[in-house]
Amino acid sequence: MRNLNPSFRIDTIINGEISTNTHIISCLTDSTCMVIDPADGKVVSKFIENNNLKLKYIVNTHGHYDHISGNKFLKDKYNGLICIGAEDAEFLTNPALNMSAYVGDEFCSPKCDIILKNNDYLDLGDNRIFVRETPGHTQGSITLSLGNSFFSGDLLFMEGLGRTDLPGGDPVKLVESVRSFWSIVKMESFIYPGHGECGKKLMFENTMREIFLYRF
């Protein structure tokens with residue numbers, strides 16, 4: 001947990017079959033929360049219950065199985081609003097696109113309630129979370145920002161760039177998105193990726209060197 005602001009807090013739960021980072025933003029004034037990329041709905045629900053939170057939004061940074069597999073459980077239990085980028089909305093209900101068919105699960109999430117596009121925002125108490133389209137890992141991948149905190153999904157990780165060999169991947173768009181994303185991230189900003197370690201911009205500099213030296 002990181003207390004960055006008196007009006008909200010951020011917690012990260014590592015859960016699911018391939019250790020997805022599920023980030024939970026909770027508003028300290030009214031106990032509402034946003035769950036980003038839930039993998040195991042039961043694990044996330046236990047955190048919500050233990051902290052007396054009220055789920056308002058379920059946000060998927062993209063539509064792959066390991067980032068949406070907790071949607072149904074949380075939607076059924078709390079009726080939170082499912083939000084996803086426009087180009088990935090079909091992934092929610094298509095096991096071939098969301099990759100669950102390849103692991104034998106054939107998972108279908110409930111349909112989204114809110115389609116997210118560039119420069120949209122979601123309000124959580126007094127806090128406003130902004131949306132930035134960052135395609136590349138999938139066509140509809142998004143990054144969320146709240147103050148100096150950025151939730152990047154599978155755009156980049158501490159050890160390198162996100163994959164582009166899965167449905168919707170495009171290496172040229174991924175590098176363009178990361179370059180654009182990096183231009184708005186300040187040195188003191190904190191980055192929350194979809195897997196692996198979270199950290200300040202400075203901690204990701206080696207990854208960025210890889211990007212800026214990349215040639216097609």
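5 Å is the cut-off here: which amide hydrogens, built 1.01 Å from N in the peptide plane, fall below it relative to ASP154, excluding neighbours closer than 5 in sequence?
Placed amide hydrogens put GLY194 under 5 Å from ASP154.
Cα centroids of segment 89-157 and segment 19-62: how far apart, whole angstrom?
14 Å
Under 10 Å, Cα contacts only: if you run a Gaussian network model on the chain, which one of ILE129, ILE13, ILE184 comes out with the highest mean-square fluctuation?
Of the options given, ILE184 has the highest mean-square fluctuation.
Hey, can you grab everything whose amide H is under 5 Å from the amide H of THR61? Only 5+ residues off in sequence or another chain; H modelled, so Pro and N-termini drop out.
Excluding prolines and chain starts, which carry no amide H, the hits are ASP37.
What does the net charge come to around PHE73 if you take all other residues with beta carbon closer than 12 Å to its beta carbon, with K and R at +1 and D and E at -1?
Here the count lands on +3.
In the neighborhood of MET187, defined by Cβ-to-Cβ distances under 9 Å, what is the net charge if each Lys or Arg adds +1 and each Asp or Glu adds -1?
+2
Got the relative contact order for the chain handy, in percent, Cα pairs under 8 Å and 6 or more residues apart?
Value for the chain: 15 percent.
Run through all the Cα pairs of the chain and give the fraction in each 10 Å bin from 0, expressed as whole percent.
Binned Cα distances yield the sequence 9, 38, 38, 14, 1.
What pairs in LYS56/LYS117; LYS77/LYS201; LYS173/LYS201 have C-alpha atoms more than 30 Å from each other?
Check vs 30 Å cut-off fails for LYS77/LYS201.
Can you check what the net charge comes to around PRO110, using other residues whose Cβ is under 14 Å from the Cβ of PRO110 (Lys, Arg +1; Asp, Glu -1)?
Neighbour charge sum, excluding PRO110 itself: +1.
List the extent of the Cα atoms of segment 61-184 along each of their three principal axes, largest first, rounded to whole Å.
Taking max minus min along each principal axis of the Cα atoms, segment 61-184 gives 38, 38, 23 Å.
Taken together, the values in this text are just the output of simple stated rules run on the coordinates, not laboratory data. Everything numeric in this text was worked out from a predicted model, so none of it was measured. Don't worry about glycine lacking a Cβ; one is built from the backbone with ideal geometry, like all the others, and counts go over all protein chains shown.
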